[in-house]
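Undergrad: Sharing a structure here in structure tokens format.
The values are calculated or read from the model by the stated rules, or taken from the named source; none is laboratory data. In this text, all values refer to a predicted model and were calculated from it rather than measured experimentally. We place every Cβ from the backbone using ideal geometry, glycine too, and count neighbours over all the protein chains shown. Surface areas here come from the heavy atoms of the whole protein model, side chains and all, with no ligands, DNA or RNA. Shrake-Rupley method; radii C 1.70, N 1.55, O 1.52, S 1.80 Å.
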Amino acid sequence: IINGNMDIAQRATSKTGLTNGDGGYHTVDRWRWHENGSSSSVWTMTQETLTSGNAYADGFHKALKLDCTTADSSLGTGDTLAIEHRLEKDDLSAFKKGTANALGFTFGFWVKATKTGTNVVEIQDQTNDRTISGTYTISSSDTWEFKVVSFPADTTGNFGTGTSLGLIIRFYLYAGTDYTSGGLQSSWGAATTTKRATGQVDNGDSTSNNFHLTGVQLEVGEYTSST
């Protein structure tokens, strides 16, 4: 993961008024605002300076913060909001995806959110349009928590080589029923819209809600929080 510690923000350190149609990079480098649908929620994105808390104690001094400034407590069926990280094909060869020797994917990250409950991380093989999703739980409101989400190896579909887009990582903040009405796609398979974010809480239903992320790492292989 490039800039997983959120240290670099060459465009700006703050962007207000983010809503429909604002997809792209606004503050922290390599972390992309990704929105679909017609939700009326509005957000401020900032590069946050940390001075205390568990993530700070673990060595992280910056974070990506999303602050909901206009709430939408009634999502449309096609509404989604996610923060994306995108990787080129040449950065992914160590996973040996699409071969008999394929290896798994493990994400570790620090997260703090006002809304407790289930959140979804999705990874999408852009080359072969294959996806898999995993969940993590915010246990304590507005408290830095370290999470680990593991995904199995995929022996189908090689990323290929080159500098074009190979893998998309999405941290969902909310999702409408078009994305949540099926069982969560917890095994690799062809992208199925209704299974992409099943169980995701709505982080945009109150102006009290914030979402913070830092210390994002991606490891080759499957690990747990203890290993």
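Undergrad: Does M6 qualify as being within 22 Å of I168 (Cα to Cα) and part of a strand (DSSP E or B)?
TA: The answer is no for M6.
Undergrad: Tell me which of these T80 doesn't satisfy, since it passes every other one: (1) in contact (Cβ under 8 Å) with a residue 40 or more places away in the chain; (2) more than 24 Å from G183 (Cα to Cα); (3) of a type in the set (S, T, N, Q).
TA: (2)
Undergrad: Name the single residue, out of those in the stretch 165-182 being touching a Ser or Thr at 6+ places or on another chain (Cβ under 9 Å) and among the aromatic types (F, W, Y), that is surrounded by the fewest Cβ atoms within 10 Å (Cβ to Cβ).
TA: Here the residue is Y172.
Undergrad: Given the criteria β-branched (V, I, T), farther than 19 Å from K65 by Cβ and in contact (Cβ under 8 Å) with a residue 40 or more places away in the chain, does V111 qualify?
TA: So V111 fails the test.
Undergrad: Exactly one condition in (1) farther than 23 Å from N36 by Cβ; (2) open to solvent by less than 10 Å² (accessible area, probe 1.4 Å); (3) without any contact (Cβ under 8 Å) to a residue 60 or more places away in the chain is false for V149; which is it?
TA: In the conditions (1) farther than 23 Å from N36 by Cβ; (2) open to solvent by less than 10 Å² (accessible area, probe 1.4 Å); (3) without any contact (Cβ under 8 Å) to a residue 60 or more places away in the chain, V149 misses (1) alone.
Undergrad: Kindly indicate which of S93, S74, S52, S38 is of a type in the set (S, T, Y) and either open to solvent by less than 40 Å² (accessible area, probe 1.4 Å) or touching a residue at least 60 places away in the same chain (Cβ under 8 Å) (or both).
TA: Only one candidate qualifies: S93.
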